[in-house]
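The values are calculated or read from the model by the stated rules, or taken from the named source; none is laboratory data. Note that the structure is a prediction, hence the values are computed from the model and not measured. Reconstructed Cβ throughout: ideal geometry from the backbone, glycine too, with neighbour counts over all protein chains shown. All accessible areas refer to the heavy atoms of the entire protein, side chains included, with ligands and DNA or RNA removed. Shrake-Rupley method; radii C 1.70, N 1.55, O 1.52, S 1.80 Å.
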Amino acid sequence: LPLLQPHAGRSSAGQTGQTTRSRTSPAPDDRRAATAMASTRNRQQNTITGPGLSAGRQKDKLVPLPGDDEASQEESVQGGNDRHYYRAPTLFEDLPIEVGMAGPPPPTYFSARGRITFYCVAESFDRKKLEELLRLTYPAGTVLSYPDVFFVEYIKGEGSNPGADVFFFDYGVVACWGMTKSQEMTLVKGIARQAQCQPLPDSEVEVDEFQYNFTTTEKPHVQNDTVTLARRYVLDHKMKLAVSYALAQSTKLSVYEKGIMDVVEETKNLPEALAETGEVKIHGKDIAKLIGKVFLQKSAVNLLSNVLDTPEFFWHRADIYQSLYNRISEYLELESRVELLNSRFNVLQEMLDMLRQHHANCHGVRLEWIVIWLIVVEVVVGLFELLGLFGLVGQH
């Protein structure tokens, strides 16, 4: 029988190589040592004074994710092959041997790593136009539609290679799994730009980067912006979608955080000026504009956007998907960030209401002084008329 060649990782679409070897190899320790350095999230932000709202998120905390014990009734795309064959540690280790003929399988090490990048480029996408572009660009069967997202199988995964996948979320976020930077830019500046509604300026485009790791040696968890999942889900795009929902919501929330920080920077000197000089050099029209900005962003977060909602995708899926989504949301601290964002909205609203009231009072005082001076003028004119009647003035 011809010997099977060892499995070689494919480097296309920016994937890191994958190998299968015994646990005695020192690679797991090397991989764990490199995790903290390789899993750094790069966030593009405007230069603003003071820390951002999400700057305090604890990235090194470990949040366990649903494991195989919670998905015992779930069937993975490639799980069946793993139940029937394994590689035995013999001279002919590359031969597939049926389970039960040579004892239990030896422990093996497997790891498939790659990038997960999120781009928030617009307030939303034109869903109809986006679907037309995707179906014209990619082969039939590679584009799937969900209630608020489109999935595209960019590079088909095979065996232990996860391939490359793309998710287009209706609220203007593009999620790229296992792709190179040039491939991501092709999508963002191509299809995404053609279908975007209310595009964001280039300086306000939010980019978040994470890492994924499909492995057999660690329990599923998220830490240091690295999402570690079981190997059996390496070809499960629904599992990737569950993770992407939480990460995409975090990216969209970051746009709102940056927007409110811009308003904070624009108005931070007004209370100081009021405290030092007793007056604020700002027109009522400018105050009204600032109030409108705060209201628009607050309504976008709490009323118009589905960033805070549990996606409809989980209503008709197994519980493990929503559990995974909830754990990722917990790691990203979405609830606390939304609470902090709303508290900033409330503080700004109170401050702007105070400034508007102060401006109204100043305007009222100005009107009162105008009335007083008009009365003074009228009294003086009346006095001269009275003196004229007595002949004291106006005789000459």
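Looking at this structure, is R344 touching a residue at least 60 places away in the same chain (Cβ under 8 Å), closer than 30 Å to H221 by Cα and open to solvent by 50 Å² or more (accessible area, probe 1.4 Å)?
On the way: touching a residue at least 60 places away in the same chain (Cβ under 8 Å): yes; closer than 30 Å to H221 by Cα: no; open to solvent by 50 Å² or more (accessible area, probe 1.4 Å): yes.
The answer is no for R344.
For (1) farther than 20 Å from L253 by Cα; (2) out of contact with any strand residue (DSSP E or B) (no Cβ under 9 Å at 6 or more places or on another chain); (3) of a type outside the set (F, W, Y); (4) open to solvent by 10 Å² or more (accessible area, probe 1.4 Å), each residue gets a yes or a no:
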site	(1), (2), (3), (4)
T117	no, no, yes, no
L130	yes, no, yes, no
T137	yes, no, yes, yes
G178	yes, no, yes, no
L187	yes, no, yes, no
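Could you tell me whether L241 is closer than 24 Å to T310 by Cβ and not β-branched (V, I, T)?
Details: closer than 24 Å to T310 by Cβ: yes; not β-branched (V, I, T): yes.
Against the criterion (closer than 24 Å to T310 by Cβ and not β-branched (V, I, T)), L241 qualifies.
When the residues of the stretch 144-155 are filtered to those that are closer than 17 Å to V188 by Cα and out of contact with any His (no Cβ under 9 Å at 6 or more places or on another chain), which remaining residue is most open to solvent (accessible area, probe 1.4 Å)? Steps first, please.
First pass over the stretch 144-155, keeping only residues closer than 17 Å to V188 by Cα: 149-155.
Among the residues that remain, those that are also out of contact with any His (no Cβ under 9 Å at 6 or more places or on another chain) are: 149-150, 152, 154-155.
Details: V149: 0, F150: 0, V152: 1, Y154: 66, I155: 37 Å².
The qualifying residue most open to solvent (accessible area, probe 1.4 Å) is Y154.
Could you say which residue among R366, R356 is touching a residue at least 40 places away in the same chain (Cβ under 8 Å), open to solvent by 60 Å² or more (accessible area, probe 1.4 Å), part of a helix (DSSP H, G or I) and on the phi < 0 side of the Ramachandran plot? So that I can check it myself, show each step before the final result.
Details: R366 fails: touching a residue at least 40 places away in the same chain (Cβ under 8 Å).
Result: R356 is the single residue among R366, R356 that is touching a residue at least 40 places away in the same chain (Cβ under 8 Å), open to solvent by 60 Å² or more (accessible area, probe 1.4 Å), part of a helix (DSSP H, G or I) and on the phi < 0 side of the Ramachandran plot.
Report yes if some residue within the stretch 317-326 is on the phi > 0 side of the Ramachandran plot and open to solvent by 40 Å² or more (accessible area, probe 1.4 Å); otherwise report no.
Looking only at the stretch 317-326, we keep the residues that are on the phi > 0 side of the Ramachandran plot, and these are none.
No: zero hits.
Go through (1) at pLDDT 90 or above; (2) within 19 Å of the chain's Cα centre (by Cα); (3) open to solvent by 60 Å² or more (accessible area, probe 1.4 Å) and name the single condition I372 misses.
(2)
Of the conditions (1) over 14 Å from E257 (Cβ atoms); (2) buried (at least 20 other Cβ atoms within 10 Å of the Cβ); (3) without any contact (Cβ under 8 Å) to a residue 60 or more places away in the chain, Q349 satisfies every one except a single condition; which number is it?
The number of the failed condition is (2).
What is the residue count in the stretch 156-176 for residues that are buried (at least 20 other Cβ atoms within 10 Å of the Cβ) and part of a strand (DSSP E or B)?
11
Any idea how many residues of the stretch 238-290 are surrounded by fewer than 20 Cβ atoms within 10 Å (Cβ to Cβ) and closer than 30 Å to G163 by Cα?
Count: 1.
Taking the stretch 286-341 as the region of interest, how many residues are among the acidic types (D, E) and touching a Phe, Trp or Tyr at 6+ places or on another chain (Cβ under 6 Å)? I'd like the intermediate steps shown before the answer.
Step one: filter the stretch 286-341 for residues among the acidic types (D, E), giving 286, 309, 312, 319, 330, 333, 335, 339.
Cutting the leftovers down to touching a Phe, Trp or Tyr at 6+ places or on another chain (Cβ under 6 Å) gives us none.
Selection size over the stretch 286-341: 0.
Just to be sure, is E330 touching a strand residue (DSSP E or B) at 6+ places or on another chain (Cβ under 7 Å) and open to solvent by 30 Å² or more (accessible area, probe 1.4 Å)? I'd like the intermediate steps shown before the answer.
Working: touching a strand residue (DSSP E or B) at 6+ places or on another chain (Cβ under 7 Å): yes; open to solvent by 30 Å² or more (accessible area, probe 1.4 Å): yes.
Spelling it out, E330 is indeed touching a strand residue (DSSP E or B) at 6+ places or on another chain (Cβ under 7 Å) and open to solvent by 30 Å² or more (accessible area, probe 1.4 Å).
Run down K298, K293 and say which single residue is under 23 Å from D208 (Cα atoms), out of contact with any strand residue (DSSP E or B) (no Cβ under 8 Å at 6 or more places or on another chain) and not hydrophobic (A, V, I, L, M, F, W, C).
Working: K293 fails: under 23 Å from D208 (Cα atoms).
Sole residue among the options that is under 23 Å from D208 (Cα atoms), out of contact with any strand residue (DSSP E or B) (no Cβ under 8 Å at 6 or more places or on another chain) and not hydrophobic (A, V, I, L, M, F, W, C): K298.
Identify, from the list G157, G100, G190, the residue that is modelled with pLDDT under 90 and farther than 20 Å from V227 by Cα. Outline the logic, then answer.
On the way: G157 fails: farther than 20 Å from V227 by Cα; G190 fails: modelled with pLDDT under 90.
Being modelled with pLDDT under 90 and farther than 20 Å from V227 by Cα holds for just one of G157, G100, G190, which is G100.
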